[in-house]
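The values are calculated or read from the model by the stated rules, or taken from the named source; none is laboratory data. All figures in this text were calculated on a predicted structure; none of them were measured in a lab. Here the Cβ positions follow ideal geometry from the backbone for every residue, glycine too, while neighbour counts run over all protein chains shown. What goes into the accessible areas is simple: the full protein's heavy atoms, side chains included, and nothing from ligands, DNA or RNA. Shrake-Rupley method; radii C 1.70, N 1.55, O 1.52, S 1.80 Å.
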Amino acid sequence: MAHLLLIEDDAAIRTTLLRALRERGHAVAAAHTAMAGLQTALAERPDLVVLDLGLPDLDGRELLRMLRAVSTTPVIVATARDDEPEIVRVLDAGADDYIVKPFTAAQLDARIRAVLRRGPGAGAEPAALTVGGLRIDAGARTATLDGAGLDLTPREFDLLHHLATRAGQVVSKRELLTEVWQVPYGGADKTVDVHLSWLRRKLGETAQQPRYLHTVRGVGVRLSGPA
Ligand code: CA
């Protein structure tokens with residue numbers, strides 16, 4: 001049994017799936033718009049979200065990005081669009097699996113069980129990373145410096161988290177754009193510079209006197225603890 005959230009605007013599909021998934025022993029909440037779905041996801045912290053891509057108020061892919069910015073809850077995307085580029089895009093945007101409409105509840109239930117079985121990595125709390133006095137908790141999406149909470153935007157958090165997973169190594173701006181921004185490198189590395197300078201300010205340091213964020217000119221940036 002899992003605690004599921006179904007975000008689907010089609011009343012007939014929603015009712016059918018709700019009944020079928022409940023009959024299979026799941027606790028299921030439902031939302032019929034993207035914004036209601038996001039609120040329910042944050043309030044109820046379901047084990048897994050089933051997300052319809054075609055929603056009236058917001059494209060499902062946008063909602064997926066918003067969900068991914070604040071939670072690691074596994075998401076299965078239900079899509080009527082069975083074209084491969086679309087499927088690749090939703091998987092790249094952070095979906096754990098997808099299912100093409102029309103599908104049966106039995107098929108969806110099998111996908112749900114498979115995603116939940118993957119265990120750690122799919123929705124489980126990842127371990128916190130520490131670099132010197134920095135502690136980055138990817139599960140809770142919080143970071144502290146010498147015990148004090150850092151007030152980071154989702155992007156700043158992702159940037160800091162990625163650098164922490166590669167602590168001690170120089171990470172190129174190209175890698176940051178691909179891994180954190182998920183855009184191909186196109187000379188837009190000013191974006192990285194700007195976010196690095198904001199992050200630096202929040203860590204209470206400057207490029208001239210770095211403690212954690214060390215710029216390696218022409219190569220990239222390295223996160224390492226103070227010597
Ligand atoms: Ca729909």
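Some points to look at:
- Residue list for the range 1-31, restricted to those being away from the ligand (no atom under 14 Å from the Cβ) and among the small types (Gly, Ala, Ser): Ala2, Ala20, Gly25, Ala27, Ala29
- Against the numbered list (1) open to solvent by 10 Å² or more (accessible area, probe 1.4 Å); (2) modelled with pLDDT under 90; (3) within 16 Å of the chain's Cα centre (by Cα), Met1 comes up short only at (3).
- Beta carbons closer than 7 Å, at least 6 apart along the sequence or on distinct chains, pair a first residue in the range 3-21 that is assigned to a helix (DSSP H, G or I) with a second that is of a type in the set (Val, Ile, Thr) for Leu18/Val28; Leu21/Val28.
- Output for the range 131-143, where each listed residue is open to solvent by less than 40 Å² (accessible area, probe 1.4 Å) and either within 20 Å of the chain's Cα centre (by Cα) or among the hydrophobic types (A, V, I, L, M, F, W, C) (or both): Val131, Leu134, Ile136, Asp137, Ala138, Gly139, Ala143
- The set of residues in the range 125-140 being at negative phi, part of a loop (DSSP other than H, G, I, E, B) and modelled with pLDDT of 85 or more consists of Gly133 alone.
- Cβ pairs under 9 Å, 6+ apart, first in the range 74-92 and over 16 Å from Ile7 (Cβ atoms), second away from the ligand (no atom under 14 Å from the Cβ) and in a loop (DSSP other than H, G, I, E, B): Ile87/Ala95; Asp92/Gln182
- Residue check, Val115 more than 16 Å from the ligand (Cβ to nearest atom), buried (at least 18 other Cβ atoms within 10 Å of the Cβ) and under 30 Å from Phe157 (Cα atoms): yes
- Residue within the range 79-86 that is assigned by TED's automatic domain parsing to the domain that holds Ala11 and closer than 24 Å to Thr142 by Cα present: no
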